[in-house]
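**Q** Below you'll find the structure I mean.
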Amino acid sequence: MAENDKYIMSIKNLTKVFKSGIFKVEYTVAVKDVSFDIKPGTVLSLIGESGSGKTTIGKMILKLLKPSDGHIYYKDRDIAGIDDKKELKEYYKKVQGIFQDPFATFNPLYRIDRVFDMLYNSFAYDKSNQEKRINQVLNDVNLNPDRILGKFPHQLSGGQLQRLLIARALLMDVDLLIADELISMLDASTRIGVLNLLLELCKKNGMSVIFITHDLNLGYYISDESLIMYKGRLVERGNTKKIYENPVHPYTQMLFESVPEIGNRWDATKEFLPEKIIDDVEDFYKDNAGKGFVEIEKGHSVLFSNK
Ligand SMILES: Nc1ncnc2c1ncn2[C@@H]1O[C@H](COP(=O)(O)OP(=O)(O)OP(=O)(O)O)[C@@H](O)[C@H]1O
């Protein structure tokens, strides 16, 4: 068995550098030397502040962006080599993304039945089974097909549209779902429903999820494994419980300290200070020069130095 077979996806030394500007060219290192694996049926959170490179990783997995360096393996296939139309379609049957704004994903002029019809037909599934299958995935996400299928997107709530996005992924029987800030538009009570639904479906269907968020509480609630990103690098990785109980990288420690707690007055001295954290991280790397990425306990690794 090849090394990558036991994982649904393996990311190896992934780097993305964006080039921008016309008169003065600028380079942004959005993702730097990131590696991780995803096992079937697991939820993995990608956590970090805005601009830390989370969405860029999701887009590279979905082949919406080309890596500058490194490799992404789906099972044992390097996805860089997937370019013929047929194989690409097969890939998108199995690896799907759902993004923050459900309203932007659905064509406002199409009723939901048309969206699902088009999707079903474009993937050439068994026509005789269509109605049954579509009804089944809608029931799976707790939506009543009779009430939903005849409606236009603007007649549905944000929570119903998020559920429809999950139903769409289920229709294709995906292996891996990239959920980018999936529930950030929803109110607290609807959020929990959508999260629980995702967890349930992972268990039932063996689907894996990369859950992109900057909300630590959500990360804790939903994920088996957590990856903490800081300025394009993976700085801490492993079992969610272990990381949350014993954060070691100064950036992860700062993230945990800056979560407001119910019942405690906000301590302004704990506020996130970008300059301070940059200095703290630099000092940490200097003190640990040459160590690199180290497994400090089983299932918990930390970036001690970036050189
Ligand atoms: N197309 C692009 N061209 C140039 N720079 C880009 C492009 N896309 C992203 N970037 C830059 O890459 C870095 C990482 O962006 P990315 O969107 O991956 O971060 P993120 O962690 O997902 O942030 P957020 O939580 O705000 O979505 C940022 O500095 C961003 O400005």
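**Q** Kindly write out, for the range 196-212 in residue order, the coupling ³J(HN,Hα) from the Karplus curve 6.51 cos²θ - 1.76 cosθ + 1.60 (θ = phi - 60°), rounded to whole Hz, with x marking Gly and Pro.
**A** 4, 4, 4, 4, 4, 5, 4, 5, 6, 9, x, 6, 9, 10, 9, 9, 8
**Q** Now for a different question. Using Cβ counts within 10 Å as a stand-in for footprinting exposure, how do MET60, MET254, MET9 rank, fewest first?
**A** The most exposed by this proxy come first: MET254, MET9, MET60.
**Q** Whose amide H sits under 5 Å from the amide H of TYR230, counting only residues 5 or more places off or on another chain, with H placed in the peptide plane?
**A** Here the answer is VAL235, since their amide H atoms fall under 5 Å of that of TYR230.
**Q** Among LEU182, LEU218, what is the fewest-to-most ranking by other Cβ atoms within 10 Å?
**A** Working: LEU182 26, LEU218 20.
In order of increasing Cβ crowding within 10 Å: LEU218, LEU182.
**Q** Using a 10 Å cut-off around each Cβ, can you sort PHE211, PHE256, PHE23 from fewest to most neighbouring Cβ atoms? Can you show the working numbers first?
**A** Details: PHE211 25, PHE256 12, PHE23 4.
Fewest-to-most ranking of PHE211, PHE256, PHE23: PHE23, PHE256, PHE211.
**Q** Follow-up question, since we're still on this one. For LYS39, enumerate residues with amide H under 5 Å from its amide H, sequence gap 5+ or separate chain, H modeled in the peptide plane.
**A** Residues meeting the amide H criterion: ILE8.
**Q** Among DSSP beta bridges lying fully in the range 3-247, give the percent that are antiparallel, nearest 5. Present the calculation step by step, with values, prior to reporting the outcome.
**A** On the way: 22 of 40 bridges.
The antiparallel fraction comes to roughly 55 percent.
**Q** Another question, if that's okay. Is the shape of the range 3-247 best called rounded, prolate or oblate, per the rule: a/c under 1.5 gives rounded, else a/b larger than b/c gives prolate, else oblate, with a ≥ b ≥ c the square roots of the Cα gyration tensor eigenvalues? Could you put the intermediate results ahead of the total?
**A** Numbers: a/c = 1.59, a/b = 1.41, b/c = 1.13.
It is prolate, given that a/c is not under 1.5 and a/b is the larger ratio.
**Q** Against the longest principal axis of the chain, how steep is helix 130-140, in degrees 0 to 90 to the nearest 10, with axes from Cα atoms?
**A** 40
**Q** Something else now. Apply the Karplus parameterisation 6.51 cos²θ - 1.76 cosθ + 1.60, with θ equal to phi minus 60°, to every residue of the range 59-65 and state each ³J(HN,Hα) to the nearest whole Hz, in sequence, with x for glycine and proline.
**A** Values per residue, Gly and Pro as x: 5, 5, 5, 7, 6, 8, 9 Hz.
**Q** Something else now. Could you tell me how far the Cα centroid of the range 96-160 sits from the Cα centroid of the range 216-240, in Å?
**A** 31
Coordinate-derived values only; no laboratory data. Everything quoted here is computed from the prediction, not taken from an experiment. When we count neighbours, we look across all protein chains shown, and the Cβ atoms used for this are built from the backbone with ideal geometry, even at glycine.
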